[in-house]
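Participant: Shown below is the structure under consideration.
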Amino acid sequence: MKKQLMIYRHAQPESYGSQLSDHERALTNHGQQQAKKVGVMFKELGLEADLIISSDAVRARQTAEIFGQLTGLT
């Protein structure tokens, strides 16, 4: 079976103005909706993931979790 590498950037995080470090910035509500929208799009296109690799930054991990739930990986 042919394999593909898909690179997906994290969705919109909180602004830099918060007291959190860059690594701790979470997704905004809009960012959560963005991640859901892309996850649904991938599912509708029949694209499946065998593995998701993510940074442990909060926003990246949140994006990966949303994406994984919508595509059936988690």
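The values are calculated or read from the model by the stated rules, or taken from the named source; none is laboratory data. Note that this is a predicted model, so its numbers are computed, not measured. We place every Cβ from the backbone using ideal geometry, glycine too, and count neighbours over all the protein chains shown. Side chains are part of the model used for accessible areas, which takes the heavy atoms of the whole protein and leaves out ligands, DNA and RNA. Shrake-Rupley method; radii C 1.70, N 1.55, O 1.52, S 1.80 Å.
Participant: Ranked by accessible surface with a 1.4 Å probe, highest first, in what order do 28, 63 come?
Facilitator: On the way: 28 35, 63 5 Å².
Highest to lowest solvent-accessible surface, that is 28, 63.
Participant: Something else: Using alpha carbons only, how many degrees (0 to 90, rounded to 10) separate the axis of helix 58-71 from the longest principal axis of the chain?
Facilitator: Relative to the chain, helix 58-71 is tipped by roughly 30 degrees.
Participant: Given a cut-off of under 8 Å on Cα pairs at least six residues apart, what relative contact order in percent is computed for the chain?
Facilitator: On the way: 83 pairs, mean separation 26.4, N = 74.
Relative contact order here is 36 percent.
Participant: Per-residue counts of other Cβ atoms within 10 Å, averaged by peptide: what ranking do you get for 5-15, 52-62, highest first? Write down the numbers at each step before the final one.
Facilitator: Working: 5-15: 13.3, 52-62: 15.6.
In descending order of packing, they fall as 52-62, 5-15.
Participant: Still on this structure, I have one more. If I fit a long axis through the Cα atoms of helix 29-44 and take the longest principal axis of the Cα atoms of the chain, what angle between them do I get, 0 to 90°, rounded to 10?
Facilitator: Relative to the chain, helix 29-44 is tipped by roughly 10 degrees.
Participant: Is the shape of the stretch 29-74 rounded, prolate or oblate, going by the alpha carbon gyration tensor and its root eigenvalues a ≥ b ≥ c, with a/c under 1.5 for rounded and a/b larger than b/c for prolate?
Facilitator: Because a/c hits 1.5 or more and a/b fails to exceed b/c, the stretch 29-74 counts as oblate.
Participant: Taking square-rooted eigenvalues a ≥ b ≥ c of the alpha carbon gyration tensor, is the stretch 1-64 rounded, prolate or oblate, where a/c under 1.5 means rounded and, failing that, a/b exceeding b/c means prolate?
Facilitator: Numbers: a/c = 3.86, a/b = 1.89, b/c = 2.04.
Because a/c hits 1.5 or more and a/b fails to exceed b/c, the stretch 1-64 counts as oblate.
Participant: Once the other residues with Cβ under 13 Å from the Cβ of residue 39 are scored (Lys, Arg +1; Asp, Glu -1), what is the net sum?
Facilitator: Working: positive: 36, 37, 43; negative: 44, 48, 65.
Around residue 39, the charge tally is 0.
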